[in-house]
């Protein structure tokens with residue numbers, strides 16, 4: 001397809017799952033606990049699990065007020081009327097100029113976001129989503145590539161489902177939310193079996209935040225102010241996860257593990273890595289004795305971060321550290337995406353064409369092993 005001569009690989013394009021996905025796909029013993037979706041309006045993102053409705057307190061889409069909500073109801077109505085089918089998804093990709101998209105969820109972003117949920121139910125929810133996603137991608141498996149859901153509430157369940165998602169379903173990525181679960185940091189020894197399994201499978205891990213779950217989030221201090229909550233939750237939660245992986249020793253112990261911090265911007269990266277290195281030089285001999293090099297070196301060796309199509313400060317990333325660790329995302333069809341002009345807007349960013357080519361295809365292909 002190639003947009004203006006550039007091939008485009010979307011690192012985390014989204015779908016809107018059918019509201020009855022879990023009713024149809026969840027294992028029989030959990031049928032009475034199946035998550036429930038809704039489709040009462042365009043961009044109805046809601047899901048209810050165990051009586052808890054998510055996204056919690058979020059009204060920027062669906063029945064939201066304001067110019068952006070009204071705009072979204074019109075631009076995405078054709079997809080809603082077609083049931084957000086795989087065929088409609090491909091038409092949207094054609095309009096945007098996307099050759100290949102790695103598929104991440106919408107309602108599913110909240111499916112693993114209730115701290116203290118029964119781990120077996122969480123694992124069943126992940127299995128059901130992955131089975132549905134496999135069927136969805138079969139419409140065109142060359143262009144629609146699955147990223148599998150795993151449950152963080154029991155590491156053995158996570159290992160088992162990651163193995164199935166890659167080995168049986170053929171998915172090319174695994175995703176988690178960046179929020180801490182059960183009070184554990186990601187570098188807690190509890191998760192070591194999962195990092196080892198992903199390394200063995202040679203499949204990357206993508207972190208993706210979602211506003212309005214029931215896990216700890218830095219945006220919670222802003223209450224019901226969606227503008228302020230959404231400003232901070234995506235990038236800051238990703239920054240915290242990156243600190244855990246690069247400074248907490250995970251990537252030292254797992255040198256072949258690839259990790260991406262998606263849909264949380266990229267422009268914070270030079271500052272965060274500089275500050276992390278500075279503190280390692282100052283205090284690393286006491287608090288990071290297992291690290292054999294600067295934390296930033298682990299990031300440049302194994303990690304990726306996604307840039308928004310209109311993220312002008314990417315120029316600073318390019319100048320300070322290059323773009324070898326940057327991938328591209330449209331965020332289609334979420335309310336803050338720039339569809340149908342995201343790729344065109346990206347091509348206007350103030351960096352040369354060769355770095356744009358790396359970001360739009362080469363880096364993402366390397367991350368997913370395509």
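Things to note:
- For the criterion of being under 22 Å from residue 203 (Cβ atoms), in contact (Cβ under 8 Å) with a residue 40 or more places away in the chain and outside any strand (DSSP E or B), residue 89 fails.
- Test: residue 109 is modelled with pLDDT of 95 or more and either under 15 Å from residue 13 (Cβ atoms) or under 16 Å from the mean Cα position of the chain (by Cα) (or both): yes
- Selection status of residue 95, closer than 28 Å to residue 307 by Cβ, modelled with pLDDT of 95 or more and surrounded by fewer than 21 Cβ atoms within 10 Å (Cβ to Cβ): yes
- Filtered by the rule that a residue be closer than 20 Å to residue 205 by Cβ and in contact with a strand residue (DSSP E or B) (Cβ under 8 Å, 6 or more places away or on another chain), the stretch 123-143 gives 125, 126, 129, 130, 133, 134, 137.
- Any hit, the stretch 40-55, residues being outside any helix (DSSP H, G or I), more than 23 Å from the chain's Cα centre (by Cα), surrounded by fewer than 19 Cβ atoms within 10 Å (Cβ to Cβ) and in contact (Cβ under 8 Å) with a residue 60 or more places away in the chain: yes
- Within this structure, residue 290 passes the test of being assigned to a loop (DSSP other than H, G, I, E, B), more than 27 Å from residue 14 (Cα to Cα) and touching a residue at least 12 places away in the same chain (Cβ under 8 Å).
- Qualifying helices (runs of 4 or more DSSP H) (wholly inside the stretch 175-276; at least 2 residues being surrounded by fewer than 23 Cβ atoms within 10 Å (Cβ to Cβ), free of Cβ contacts under 8 Å to residues at least 40 places away in the same chain and in contact with a helix residue (DSSP H, G or I) (Cβ under 6 Å, 6 or more places away or on another chain)): 192-201, 226-247
- When residue 58 is tested against the conditions (1) at pLDDT 95 or above; (2) within 20 Å of the chain's Cα centre (by Cα); (3) farther than 13 Å from residue 14 by Cβ; (4) not in a helix (DSSP H, G or I), the lone failure is (1).
- Here is the figure for the stretch 134-166: residues that are touching a residue at least 60 places away in the same chain (Cβ under 8 Å) and more than 23 Å from residue 192 (Cβ to Cβ) total 2.
- Test: residue 370 is farther than 26 Å from residue 68 by Cα, modelled with pLDDT under 95 and touching a strand residue (DSSP E or B) at 6+ places or on another chain (Cβ under 9 Å): yes
- Test for residue 6: is it in contact (Cβ under 8 Å) with a residue 12 or more places away in the chain, surrounded by fewer than 21 Cβ atoms within 10 Å (Cβ to Cβ), over 20 Å from the mean Cα position of the chain (by Cα) and under 16 Å from residue 110 (Cα atoms): no
- Residue count, the stretch 14-33 (criterion: out of contact with any strand residue (DSSP E or B) (no Cβ under 9 Å at 6 or more places or on another chain), surrounded by fewer than 22 Cβ atoms within 10 Å (Cβ to Cβ) and not in a helix (DSSP H, G or I)): 1
- Of all residues in the stretch 307-330, those being surrounded by fewer than 19 Cβ atoms within 10 Å (Cβ to Cβ) and touching a strand residue (DSSP E or B) at 6+ places or on another chain (Cβ under 6 Å) number 0.
Residue by residue, here is whether (1) under 19 Å from residue 58 (Cβ atoms); (2) at pLDDT 95 or above holds:
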site: 198; (1), (2): no, yes
site: 207; (1), (2): no, yes
site: 223; (1), (2): yes, no
site: 234; (1), (2): yes, yes
site: 275; (1), (2): no, yes
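The values are calculated or read from the model by the stated rules, or taken from the named source; none is laboratory data. Not measured: the values here are computed from a predicted model. Methodologically, a virtual Cβ is constructed for each residue, glycine included, from the backbone with ideal geometry; neighbour enumeration extends over all protein chains shown.
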